[in-house]
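As structure tokens, the structure follows; a few thoughts come after it.
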Amino acid sequence: MSDLRKTKDDCLPIKLVNVAATPAAIEVIHAADQTLDYFLGKHQMGDWGNLTDEDGEFYDRALINGSAVEGEYITDGFDRIWIYTAIGQYTSVYLPDER
């Protein structure tokens, strides 16, 4: 398939490898009685979470091009977490101030 015809759906689910999360990110997720897998699942399916439409479209295009993607998610405890994936290399989960 030509990259010119490739869509976001053609790239899903994102294969997540070498996943690492900071202790602080794990703490806020657990404090909200949620799981890391919940947020990774959203990210893996191209749900970029709490981003603007413009940022979401940017990451849709990045995914199609095989570039890195990032999403922001809000826990039920109202904490923000970020998930960054360098496609085929690694995925990191962290709090915004840990960037």
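Every read-out reported here was derived from the displayed coordinates using simple, explicitly stated rules and does not represent laboratory data. In this text, all values refer to a predicted model and were calculated from it rather than measured experimentally. Here the Cβ positions follow ideal geometry from the backbone for every residue, glycine too, while neighbour counts run over all protein chains shown.
Counting the residues of the stretch 52-68 that are outside any helix (DSSP H, G or I) and in contact with a strand residue (DSSP E or B) (Cβ under 6 Å, 6 or more places away or on another chain) gives 1.
Scanning for something of a type in the set (Ser, Thr, Tyr), in a strand (DSSP E or B) and on the phi < 0 side of the Ramachandran plot, does the stretch 69-80 turn up at least one residue? Within the stretch 69-80, one or more residues are of a type in the set (Ser, Thr, Tyr), in a strand (DSSP E or B) and on the phi < 0 side of the Ramachandran plot.
Can you spot a residue in the stretch 36-51 that is of a type in the set (Ser, Thr, Tyr) and either buried (at least 17 other Cβ atoms within 10 Å of the Cβ) or part of a loop (DSSP other than H, G, I, E, B) (or both)? Scanning the stretch 36-51, I find no residue that is of a type in the set (Ser, Thr, Tyr) and either buried (at least 17 other Cβ atoms within 10 Å of the Cβ) or part of a loop (DSSP other than H, G, I, E, B) (or both), so the answer is no. Close Cβ contacts (under 6 Å, 6 or more residues apart or on different chains) running from residues in the stretch 53-69 that are closer than 15 Å to residue 16 by Cα to residues that are of a type in the set (A, V, I, L, M) and assigned to a helix (DSSP H, G or I) comprise 69/62; 69/63.
Filter the stretch 18-32 for residues that are touching a Ser or Thr at 6+ places or on another chain (Cβ under 9 Å) and surrounded by fewer than 13 Cβ atoms within 10 Å (Cβ to Cβ); which is farthest from residue 83 (Cα to Cα)? Among those that are touching a Ser or Thr at 6+ places or on another chain (Cβ under 9 Å) and surrounded by fewer than 13 Cβ atoms within 10 Å (Cβ to Cβ), it is 31. Residues of the stretch 1-12 include none that is hydrophobic (A, V, I, L, M, F, W, C), surrounded by fewer than 13 Cβ atoms within 10 Å (Cβ to Cβ), under 13 Å from residue 80 (Cα atoms) and without any contact (Cβ under 8 Å) to a residue 60 or more places away in the chain.
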